[in-house]
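See below for the structure under consideration.
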Amino acid sequence: MSDLKDQDFPSSDVIANLGAAFDALSEKEKKSEVNKSKAIFELLIKNKDGKEQSWVIDLKKEGKVVKGKPQGVKPDVTLIMDETFTDLASGKIGGQKAYMTGKLKTRGNMMLATKLEGVLKLGQPKQQKARL
C-alpha cells in the first residue's frame, strides 16, 4: 500500500496515483513539470467524518508528492476541500465551479491553483481530463 494512501480518505487513491506518476517520470520530465508550476501545493482534505489530512505536491524543487503537513517549506497555495477532490481530479466538476459553490477554498496564491490542472492530468488514465 502506498504511503500516500489513507483508508479514511477515498481521494487518497487519486493522490497515490499522482505520486506514482511522478515517481515514474525521468529527472528531465520532473524538471519540466517543476518549471511549468514552480510552486508548492498543499491539499487539505476533510473526509465525511470531519477528519482532515494534508498532502503536499512539491513542484518547486523536487517534483514529488508527500503525505502530511509541509515540513520546512511554506506552500505557495493551499487548496481546502472535502472529498470533492476526487470529482475535481476526474473532471466531474471544474475548479471554478467548485470554488464558486464553496466546495473549494484557497489560501495563498490563488492563481497558482489554476496550474494544478496540468499536474492532476499526470495521475489520470489518458481518456480522463481534469478541469480547474
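General remarks:
- Filtered residues of the stretch 22-32 (kept if surrounded by fewer than 18 Cβ atoms within 10 Å (Cβ to Cβ) and not basic (Lys, Arg)): Asp23, Ala24, Leu25, Ser26, Glu27, Glu29, Ser32
- Note on the stretch 53-62: among residues that are touching a strand residue (DSSP E or B) at 6+ places or on another chain (Cβ under 9 Å), surrounded by 12 or more Cβ atoms within 10 Å (Cβ to Cβ) and of a type outside the set (Ser, Thr, Tyr), the one that is farthest from Met81 (Cα to Cα) is Lys60.
- Scanning the stretch 67-89 for residues that are open to solvent by 40 Å² or more (accessible area, probe 1.4 Å) and either among the hydrophobic types (A, V, I, L, M, F, W, C) or assigned to a helix (DSSP H, G or I) (or both) turns up Val73, Ile80, Thr86, Asp87.
- All conditions but one from (1) at pLDDT 95 or above; (2) more than 22 Å from Val73 (Cβ to Cβ) apply to Asp8; the one that does not is (1).
- In the stretch 90-132, of all residues being more than 20 Å from Leu44 (Cβ to Cβ) and open to solvent by less than 80 Å² (accessible area, probe 1.4 Å), the one that is modelled with the highest pLDDT corresponds to Gly91.
- Residue in the stretch 35-54 that is touching a helix residue (DSSP H, G or I) at 6+ places or on another chain (Cβ under 9 Å), in contact (Cβ under 8 Å) with a residue 24 or more places away in the chain and part of a loop (DSSP other than H, G, I, E, B) present: no
The values are calculated or read from the model by the stated rules, or taken from the named source; none is laboratory data. Since we're looking at a predicted model, the values are computed, not measured. Cβ sites come from the backbone with ideal geometry, for glycine too, and all protein chains shown count toward neighbours. To get the accessible areas, we keep the full protein, side chains included, count just its heavy atoms, and leave off ligands, DNA and RNA. Shrake-Rupley method; radii C 1.70, N 1.55, O 1.52, S 1.80 Å.
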